[in-house]
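Undergrad: Starting off with a structure, shown below.
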Amino acid sequence: MAAKAQVSAGNFTNALGVGMETQPRALSAVRLSVETDETTSPGRQRAANEGAAASVGARIIGEAVDLGVSASKTTPFERPELGPWLAQPDSFDVLCFWRFDRAVRSMADMNALVQWAREHRKVIVFAEGPGGRLTLDFRSGVDLITQLILQIFAFAAEFEAQSIRERVLGAQAAMRGMDLRWRGSRPPYGYVPVPLESGGWTLAPATDEIPGCGPAPVAVIERIIRDLMGDPAQGVNGTTVSAIAEELNNEGIPSPRDWWALAKGRTTGGKTGGAKGQRVTRERFKWTPSVITKLLRSPALLGWKTHDGKPVRDSEGRPVMATADPILTRAEYDRVGALLDARSINNRERKDTNALLLGVVHCVSCGGRMYLNAQTGKTPTYKCNSHARGDKCEAPANVRGDWADDYAEREFLAAVGGLHVTRVIEIPGYDPAPEIAATLAEFEEHQRQEGRQKSRAAREAWQCRADALDARLAELEETPATPARREVIGTGRTYADEWRDADTAGRRRMLLDAGAHLTVKRGRPGGWRRLDESRVVFTLRDADHAEAAEWAEHTASDAM
């Protein structure tokens with residue numbers, strides 16, 4: 001049976017209908033799932049493929065080298081280097097693999113490869129295998145016995161892949177519960193694998209720069225947090241997540257996925273989601289607000305192991321550590337999370353970055369917000385928006401936008417412009433409440449699975465985890481909270497200084513922080529030349545600003 005699948009070099013050349021001086025062209029296909037696997041190294045595969053090509057009188061004219069590519073997850077047609085070659089079948093005559101499992105790991109993939117070879121009249125050579133070298137000539141079809149052999153080999157490869165997968169998953173599950181042991185694969189951004197003296201690997205903060213990879217990840221994380229927090233002592237406001245992402249991209253700092261690719265000597269980018277039902281290939285992955293937010297909210301910054309997005313816990317319910325040197329403390333992590341929560345956007349609220357008085361100006365009649373109506377060729381006007389809310393306003397007001405802006409600016413600076421700005425520095429404490437809430441949510445989700453276990457082993461495993469979560473909750477409830485402290489310091493700047501240097505969004509934030517409230521009455525006939533100030537009332541509702549303004553006014557009166 002094996003003889004029917006073999007062809008000699010002379011027969012091969014004659015069958016092509018060309019002279020012996022013209023050699024068939026061979027493609028050498030090399031694949032490796034794990035780049036550090038020496039037993040199946042590219043060099044060994046390359047040498048075997050050269051021998052296989054020579055055995056059929058072919059010369060190798062190209063290589064398709066796919067390193068770090070799993071045959072269980074990708075078909076031959078999807079691999080980065082082999083795929084493009086298969087899409088150009090006229091560029092070669094013979095396809096050489098070292099062994100069967102270098103080509104496929106499933107019967108379905110084998111059928112697809114055979115169909116391709118039949119359609120394009122190719123010869124496939126496997127340099128080594130159970131019966132030695134196997135040469136399959138698909139130019140004139142393959143008999144049923146050879147097809148059966150191929151299916152048996154494909155079944156064996158698929159069965160072996162399944163066995164490997166189960167062993168790996170079992171080993172990974174066991175390793176997840178081991179403190180400080182890292183199972184392998186790409187680590188969370190900010191960490192790198194380092195060897196343990198006792199054997200195996202653990203994680204350590206990635207504090208050292210790698211040539212060609214940009215800044216060290218820990219330095220990038222510290223920068224992101226620093227920019228997000230700002231420096232109240234120096235009068236520096238925190239930067240938005242969107243602005244931070246834009247800066248990182250403009251400076252060419254590699255994103256988490258690209259940094260790992262560069263550190264491993266691979267190409268950046270890859271496939272990602274595009275429009276619905278499409279996949280897009282990008283040369284580089286960018287920093288985005290969601291990437292930064294996910295990074296800062298990840299328990300990996302605390303050094304915790306996670307699985308399926310949840311912390312891995314020991315029998316006592318404590319998080320299993322992946323490193324002895326976490327990047328953030330619990331207090332720092334909670335402080336960052338609280339800031340992200342405070343900055344989260346309510347998408348139901350209208351966004352208008354050009355309106356200074358958005359959220360400040362209101363209609364007297366209905367009490368509702370007024371919005372800037374900026375139509376081409378017309379003066380922008382703040383108008384009552386009761387109809388959009390489904391309400392009826394008895395006397396809807398409107399006012400020219402520049403008049404209202406100028407009036408609010410004048411009144412605000414008259415009230416507090418000369419006052420000195422202070423900043424509040426938050427000194428973080430420790431509050432077990434966030435971890436209690438997260439652990440309780442995990443416990444409640446686990447409790448919903450009660451009674452669904454059919455086997456005794458599953459029931460015991462369920463109960464073990466329930467006890468562990470309960471024990472951790474009890475431990476956290478006994479942990480005292482350390483209150484955070486606030487320090488108020490002067491900046492040497494006045495509100496007028498801050499107003500002068502701020503853009504429209506910054507000025508609006510100053511008004512909102514001070515509790516500025518501007519009400520507008522309906523206008524009277526003839527009031528189109530200038531603002532009728534009897535229609536408007538400006539107040540500061542924030543207690544600190546209002547008391548400061550009142551104190552300043554009384555001080556000025558006493559001086560007179």
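The values are calculated or read from the model by the stated rules, or taken from the named source; none is laboratory data. Note that the structure is predicted; figures quoted are calculated from it, not measured. Cβ: placed from backbone, ideal geometry, glycine included. Neighbour counts: every protein chain shown.
Undergrad: When you scan the range 65-77, do you find a residue that is under 15 Å from LEU134 (Cβ atoms), at pLDDT 85 or above, part of a loop (DSSP other than H, G, I, E, B) and not assigned by TED's automatic domain parsing to the domain that holds ARG266, even just one?
TA: Among the residues of the range 65-77, not one is under 15 Å from LEU134 (Cβ atoms), at pLDDT 85 or above, part of a loop (DSSP other than H, G, I, E, B) and not assigned by TED's automatic domain parsing to the domain that holds ARG266, which makes the answer no.
Undergrad: Could you grab me the full set of residues in the range 89-129 that are assigned to a loop (DSSP other than H, G, I, E, B) and farther than 19 Å from ALA53 by Cα?
TA: Scanning the range 89-129 gives VAL104, ARG105, SER106.
Undergrad: Kindly provide the set of residues from the range 15-29 that are at pLDDT 50 or above and closer than 26 Å to ARG102 by Cβ, ordered by number.
TA: GLN23, PRO24, ARG25, ALA26, LEU27, SER28, ALA29
Undergrad: Would you point out the residue of the range 257-314, among those that are within 26 Å of ARG181 (Cβ to Cβ) and assigned to a strand (DSSP E or B), that is modelled with the highest pLDDT?
TA: TRP304
Undergrad: Among ALA408, ALA466, ALA415, ALA404, which is farther than 30 Å from ARG541 by Cα and part of a helix (DSSP H, G or I)?
TA: ALA466
Undergrad: Ok, one more. Determine whether the range 242-249 contains at least one residue that is surrounded by fewer than 19 Cβ atoms within 10 Å (Cβ to Cβ), touching a residue at least 40 places away in the same chain (Cβ under 8 Å) and farther than 22 Å from VAL291 by Cα.
TA: So far as the range 242-249 goes, no, none of its residues is surrounded by fewer than 19 Cβ atoms within 10 Å (Cβ to Cβ), touching a residue at least 40 places away in the same chain (Cβ under 8 Å) and farther than 22 Å from VAL291 by Cα.
Undergrad: Which condition from (1) small (Gly, Ala, Ser); (2) modelled with pLDDT under 85; (3) more than 10 Å from ARG31 (Cα to Cα); (4) surrounded by 21 or more Cβ atoms within 10 Å (Cβ to Cβ) is the one that SER106 breaks?
TA: So the condition that SER106 fails would be (4).
Undergrad: Restricting to the range 318-336, and then to whatever is assigned to a loop (DSSP other than H, G, I, E, B) and out of contact with any strand residue (DSSP E or B) (no Cβ under 9 Å at 6 or more places or on another chain), can you tell me which residue is modelled with the lowest pLDDT?
TA: Checked the range 318-336; the qualifying residue modelled with the lowest pLDDT is ARG318.
Undergrad: Mind checking whether some residue in the range 108-115 is more than 20 Å from SER140 (Cα to Cα) and touching a strand residue (DSSP E or B) at 6+ places or on another chain (Cβ under 7 Å)?
TA: Within the range 108-115, not a single residue is more than 20 Å from SER140 (Cα to Cα) and touching a strand residue (DSSP E or B) at 6+ places or on another chain (Cβ under 7 Å).
Undergrad: Here is a further query. Just to check your reading of the model, which residue among ALA466, ALA496, ALA474, ALA481 is in contact with a strand residue (DSSP E or B) (Cβ under 8 Å, 6 or more places away or on another chain) and among the hydrophobic types (A, V, I, L, M, F, W, C)?
TA: Exactly one residue qualifies, and that residue is ALA481.
Undergrad: Can I ask one more? Answer yes or no: is there a residue in the range 428-438 that is over 27 Å from ALA481 (Cα atoms), in a helix (DSSP H, G or I) and of a type outside the set (Lys, Arg).
TA: Within the range 428-438, not a single residue is over 27 Å from ALA481 (Cα atoms), in a helix (DSSP H, G or I) and of a type outside the set (Lys, Arg).
Undergrad: How many residues are surrounded by 12 or more Cβ atoms within 10 Å (Cβ to Cβ) and either modelled with pLDDT under 55 or out of contact with any helix residue (DSSP H, G or I) (no Cβ under 6 Å at 6 or more places or on another chain) (or both) when one looks only at the range 524-535?
TA: So the count comes out to 3.
Undergrad: Six or more apart or on different chains, Cβ atoms under 6 Å: show the pairs whose first residue is in the range 394-405 and assigned by TED's automatic domain parsing to the domain that holds GLY367 and whose second is surrounded by fewer than 22 Cβ atoms within 10 Å (Cβ to Cβ) and of a type in the set (Val, Ile, Thr).
TA: Between residues of the range 394-405 that are assigned by TED's automatic domain parsing to the domain that holds GLY367 and residues that are surrounded by fewer than 22 Cβ atoms within 10 Å (Cβ to Cβ) and of a type in the set (Val, Ile, Thr), the close pairs are ASN398/THR381; ARG400/THR379; ARG400/THR381; GLY401/THR381.
Undergrad: Report the residue count in the range 204-239 for those that are in a loop (DSSP other than H, G, I, E, B) and either in contact with a helix residue (DSSP H, G or I) (Cβ under 7 Å, 6 or more places away or on another chain) or over 29 Å from MET510 (Cα atoms) (or both).
TA: 13
Undergrad: Identify, from the list GLU442, GLU411, the residue that is under 30 Å from MET510 (Cβ atoms), acidic (Asp, Glu) and crowded, with 17+ Cβ neighbours inside 10 Å.
TA: Exactly one of GLU442, GLU411 is under 30 Å from MET510 (Cβ atoms), acidic (Asp, Glu) and crowded, with 17+ Cβ neighbours inside 10 Å, namely GLU411.
Undergrad: Just need a number here: residues in the range 57-84 that are under 19 Å from GLN23 (Cβ atoms) and of a type in the set (Lys, Arg).
TA: 1
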